[in-house]
Amino acid sequence: MVKIGLIGYGYWGPNLVRNFLLQDECRVLQIADNKPEKLALVQKIHPTIAVTSSFDDLVNNTELDAILISTPVFTHFDLAQKALSAGKHVLLEKPMASSSREAEELHELALKKNLVLMVDHTFLYTGAVQKMKELISGKFIGKPLYFDSTRINLGLFQQDINVLWDLAPHDLSIMLHLIHEKPFSVNATGISHTGNQVENIAYMTVNFNSGFIAHFDCSWSSPVKVRSTLIGGDKKMIYYNDLEPTEKIKIYDTGFDHKTDEDKTRILVDYRVGDIYIPKLSNHEALAGVATDFIRAVTQKTTPIADSRLGCEVVKILEASQESIKQKGREVKILN
């Protein structure tokens, strides 16, 4: 029985508690938050769970095996470092840390302590992403050529991180999970309309040595909400619309073949338009999958899907994107 504590009962914390309470092999014993009204809410909804305003109470609680951290990104490093140093397994909200140095340090500490350090990249546990993983690994779409993602909406403007750090981790984690190749560099541009130097609209291109390319469009300033991704292969193409209630994935038997003519001056293109295939997807709650994977990793010593290595790679790309924005879109290499 894994005994768990949670720090941060804000937007995401209640969802974590609900899903971990449903796990047969764990108990949620204690919740920490610095807002009295949040602790009062916990006591009302979950009267058997102890509450505290001090995170140190969780670190020093010898009953706890693991700590879930659902707080702003600038707090992740200090909180996770304390928890790991105290011998607790950790599940961190995304992104993993504020810098690649911090992320790597947490990763190394978890390895040294032989503890689970997992990042809550929830989308990897959705039926849609699991189906795309199956299709791409099985060469159903052929060789992957590009990944084109749009994640835009109106709000919520963050004060400490820009729109890429806020929204892009979802799609970056999906891309890294689906494509078995490390990216090489990043080009990014963005703009702040609020005068605080925190970009609310940004565009990022991630480059790969093989020629595969990924593009991310993120905004807090769109009048419509869009959550869509195109993944092109040399045989078929996948369209993923996360806002679609039932048919989230469509596979298009659409593509093109090309060759040069005899004098090598023109490219001849043959277009192919075929059927549309809509696969059946698992409809389980993704966060339940996160909880199950975390508990399994703790009890059975398995490697979670959203492990700390993946978390580090996401932060490295975000860090490079931030540097590229500062340099007006100049290409920035991703740290190895």
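Under a Cβ-only charge scheme (Lys and Arg +1, Asp and Glu -1), can you give me the dipole magnitude of the stretch 50-139 about the Cα centre, in debye to the nearest 20? Don't skip to the end; give the middle numbers.
On the way: 9 positive and 12 negative charges, 96 e Å.
Dipole size: approximately 460 debye.
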Of Val73, Asn19, Val163, farthest towards positive along the dipole that unit charges on Lys, Arg, Asp, Glu beta carbons give the chain: Asn19
Order of Asp120, Asp275 - criterion: other Cβ atoms within 10 Å of each residue's Cβ, fewest first: Asp275, Asp120
Descending semi-axes in whole angstrom, ellipsoid equivalent of the stretch 279-336, from the Cα gyration tensor: 33, 16, 8
Among Leu124, Leu29, Asn60 - extreme Cα towards positive end, dipole of the stretch 14-137, charges at beta-carbon: Leu124
Distance between the stretch 197-230 and the stretch 1-62 - C-alpha centres, whole angstrom: 34
Net charge, Gln81 excluded, C-beta distance under 9 Å - Lys, Arg +1, Asp, Glu -1: -2
Given charges at Cβ of Lys, Arg, Asp, Glu: the chain dipole, positive-most of Ile45, Ile249, Thr189: Ile249
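Please arrange Cys312, Cys218 by counting, for each residue, the other beta carbons lying within 10 Å of its beta carbon, fewest first.
Cys312, Cys218
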Cα gyration tensor shape of the stretch 20-89, rounded if a/c is under 1.5, else prolate or oblate by comparing a/b with b/c: oblate
Sparse-neighbourhood loop sites, chymotrypsin sites (Phe, Trp or Tyr not before Pro) in the stretch 1-78 - DSSP loop, at most 13 other Cβ within 10 angstrom: Tyr11
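If we count other beta carbons within 10 Å of each Cβ, what is the order of Arg151, Arg27, Arg227, fewest first?
Arg27, Arg227, Arg151
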DSSP-defined beta bridges in the chain - what % are antiparallel, rounded to 5: 60
Projected label distance in nm at Asn60 and Ser282, using a 7 Å step from Cα toward the beta-carbon: 4.1
Only Lys, Arg (+1) and Asp, Glu (-1) charged, at Cβ; the chain dipole about Cα centre in debye: 240
Test item: Cα-centred dipole of the stretch 1-113, Lys/Arg +1 and Asp/Glu -1 on Cβ, debye: 200
Out-of-range pairs (alpha-carbon distance over 18 Å; input Lys133/Lys250; Lys182/Lys316; Lys94/Lys280; Lys112/Lys301; Lys94/Lys316): Lys94/Lys280
For Lys3, net neighbour charge (Lys/Arg +1, Asp/Glu -1) across residues whose Cβ lies under 15 Å away: -3
Rel. contact order, % - alpha carbon contacts under 8 angstrom, at least six apart, the chain: 18
Distant-in-sequence amide H partners of Arg27 (H built 1.01 Å from N, under 5 Å): Val2, Lys3, Ile4
Relative contact order of the stretch 101-233, defined on C-alpha pairs under 8 angstrom at six or more residues apart (%): 33
Summed side-chain charge close to Arg101 - residues other than Arg101 whose Cβ falls under 13 Å, Lys, Arg +1, Asp, Glu -1: -4
Relative counts (whole %) of C-alpha pair distances in the stretch 52-192, using bins that are 5 Å wide: 2, 8, 15, 18, 17, 15, 12, 8, 3, 1, 0
Largest to smallest principal axis extent of the C-alpha atoms in the chain, angstrom: 76, 45, 42
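Taken together, the values in this text are just the output of simple stated rules run on the coordinates, not laboratory data. Being a predicted model, the structure only gives us computed values, none of them experimental. Neighbour counts are summed over all protein chains in view; Cβ atoms, including those assigned to glycine, are modelled from backbone coordinates with ideal geometry.
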